[in-house]
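Peer 1: My questions will all concern the structure given below.
The values are calculated or read from the model by the stated rules, or taken from the named source; none is laboratory data. Fair warning: this is a prediction, and the values are worked out from it, not measured in the lab. Ideal geometry is used to build each Cβ from the backbone, glycine not excepted, and the neighbour counts take in all protein chains shown.
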Amino acid sequence: MKKLWLALTTFAVLATGCAGGGNAPADNGQASGQAPAEQKEEPAVKKRIALVLPEKIGVNPFFQQMDDGAKKAAEELGAELKTIESTDYGAIEENLRVAVAEQYDLIITSSFESEDALKKVAAENPDRNFAIIDTVIDLPNVRSVTFREQEAAYLMGAAAGLATKTNKVGMVVAMDIPLLKKWTGGFSEGLKATNPNAEFIVNYVGSFTDPAKAKELALLQASQGADFINGAAAVGDLGVFEAAKEKGFYTAGQDVDRTVIDPEHIVLSQLKGTDAAAYETVKSFVEGTFQPGVVTYGLKEKGVGVTYITHDSATPLHAFIGQEVVDKVKAINEEIVAGTRKVPESF
């Protein structure tokens, strides 16, 4: 009887062990021929970038281009971009601080209007990355993107020297300051290269925002015989354009293609690629090659240029310039890009 009880007890224990699958080790799938489940990779964290503009979009195409370039890079490279528009210059510092508080990885701003605000905010946040386009700030956490405007101005001067019929060429400039000597100096060098006998007339408005004074100076230069008067007076260029329409001389715009405004009188434009600068700044940060310091864009990098010479235009080429002039200045551009023709860096 004891033997029978022992046999029954042993059987019960064995049966319980076989049936109790809930306590067995987890099946790794290999015994049944199934592959182990793949672990899902965590999605890459998007880089967060803020673009703080010194004014509202729509006022100055210079900043519209910048916004377009940054958005294009963010979309192509999978970054998050927020554009913060400043209602006035006093709001720039506040907007930079908002971007810091919201933990953006890179904060970009632009132009001399933002210099003081960025110097303060960047110095207070040494672990944050900043960039500023079109001016220089010497801080270890700031990338400064600048342009060799003198190279494009050289092409403008070369074209004017070839196109002028009176041998008198003018320029209305915002202010007599070192920064704007890149425009006057580059233009003068290009003019002398193609027409050493041409007279170069320069007048200064004394402001970046005075179209009335700029118009007055353009009319003065026209009365002195200038048949091409280059505008380099910021908002004052609007006054130069008005004078050209009234008196029939030819002129040029800055930063973006202004020929569309008045194709009969605005026959060239000196271009500045703020879109390319913003694009490359975002791209380098997302790809991990971003470094503080100064980066410059010139003709070689397509950061500056001139309509018809380096960039196409929707406006047909005016006869005052003509294809022969364009072809000659294109050859000069190729020499500058190749390094066989040098444009001074300072004047």
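Peer 1: Any idea which of (1) surrounded by fewer than 21 Cβ atoms within 10 Å (Cβ to Cβ); (2) out of contact with any Asp or Glu (no Cβ under 8 Å at 6 or more places or on another chain); (3) not in a helix (DSSP H, G or I) is the one Thr146 doesn't satisfy?
Peer 2: Failing condition for Thr146: (2).
Peer 1: Then there is this: When you scan the stretch 258-273, do you find a residue that is part of a helix (DSSP H, G or I) and in contact (Cβ under 8 Å) with a residue 24 or more places away in the chain, even just one?
Peer 2: no
Peer 1: In addition: Across the stretch 221-252, which residue is surrounded by the most Cβ atoms within 10 Å (Cβ to Cβ) among those that are within 25 Å of the chain's Cα centre (by Cα), farther than 18 Å from Ala159 by Cα and not small (Gly, Ala, Ser)?
Peer 2: Asp237
Peer 1: List pairs: first in the stretch 154-172 and in the same structural domain as Ser223 (by TED's automatic domain parsing), second charged (D, E, K, R) and crowded, with 24+ Cβ neighbours inside 10 Å, Cβ under 9 Å, 6+ apart or cross-chain?
Peer 2: Listed by first residue and then by second, the contacts come to Val172/Asp237.
Peer 1: Specify which of the listed residues (Glu280, Glu301) is over 22 Å from Val172 (Cα atoms) and outside any helix (DSSP H, G or I).
Peer 2: Glu301
Peer 1: Within the stretch 95-125, how many residues turn out to be at positive phi and either crowded, with 16+ Cβ neighbours inside 10 Å or touching a Phe, Trp or Tyr at 6+ places or on another chain (Cβ under 8 Å) (or both)?
Peer 2: 1
Peer 1: Report whether or not Ala226 is assigned by TED's automatic domain parsing to the domain that holds Ala160, more than 19 Å from Pro61 (Cα to Cα) and in a helix (DSSP H, G or I).
Peer 2: Judged against the criteria, Ala226 is not a match.
Peer 1: Here's something else I'd like to know. Given the conditions (1) in contact (Cβ under 8 Å) with a residue 60 or more places away in the chain; (2) crowded, with 18+ Cβ neighbours inside 10 Å; (3) more than 30 Å from Val325 (Cα to Cα), and given that Pro140 satisfies all but one, which numbered condition is not satisfied?
Peer 2: Exception for Pro140: condition (2).
Peer 1: Next up: On the basis of being assigned by TED's automatic domain parsing to the domain that holds Val202 and assigned to a loop (DSSP other than H, G, I, E, B), does Glu242 make the cut?
Peer 2: no
Per-residue answers, yes or no, for (1) of a type in the set (Val, Ile, Thr); (2) touching an Asp or Glu at 6+ places or on another chain (Cβ under 9 Å); (3) crowded, with 22+ Cβ neighbours inside 10 Å:
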| position | (1), (2), (3) |
| --- | --- |
| Ala44 | no, no, no |
| Lys47 | no, yes, no |
| Leu51 | no, yes, yes |
| Ile57 | yes, yes, no |
| Asp67 | no, yes, no |
| Lys71 | no, no, no |
| Glu75 | no, no, no |
| Gly78 | no, no, no |
| Glu85 | no, yes, no |
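Peer 1: Could you count how many residues in the stretch 214-233 are within 19 Å of Gly185 (Cβ to Cβ) and touching an Asp or Glu at 6+ places or on another chain (Cβ under 9 Å)?
Peer 2: 3
Peer 1: In the stretch 219-253, how many are among the polar types (S, T, N, Q) and free of Cβ contacts under 8 Å to residues at least 24 places away in the same chain? It would help to see each step written out before you state the result.
Peer 2: At the first step, the residues of the stretch 219-253 found to be among the polar types (S, T, N, Q) are 221, 223-224, 230, 251.
From what's left, free of Cβ contacts under 8 Å to residues at least 24 places away in the same chain: 223.
Final tally of qualifying residues: 1.
Peer 1: For the stretch 168-220, enumerate the residues that are over 30 Å from the mean Cα position of the chain (by Cα), surrounded by 19 or more Cβ atoms within 10 Å (Cβ to Cβ) and farther than 18 Å from Phe249 by Cα.
Peer 2: Result: Thr194, Asn195.
Peer 1: Taking the stretch 56-95 only, how many residues are in contact with a strand residue (DSSP E or B) (Cβ under 7 Å, 6 or more places away or on another chain), under 21 Å from Lys119 (Cβ atoms) and at pLDDT below 95?
Peer 2: Residues meeting the conditions: 1.
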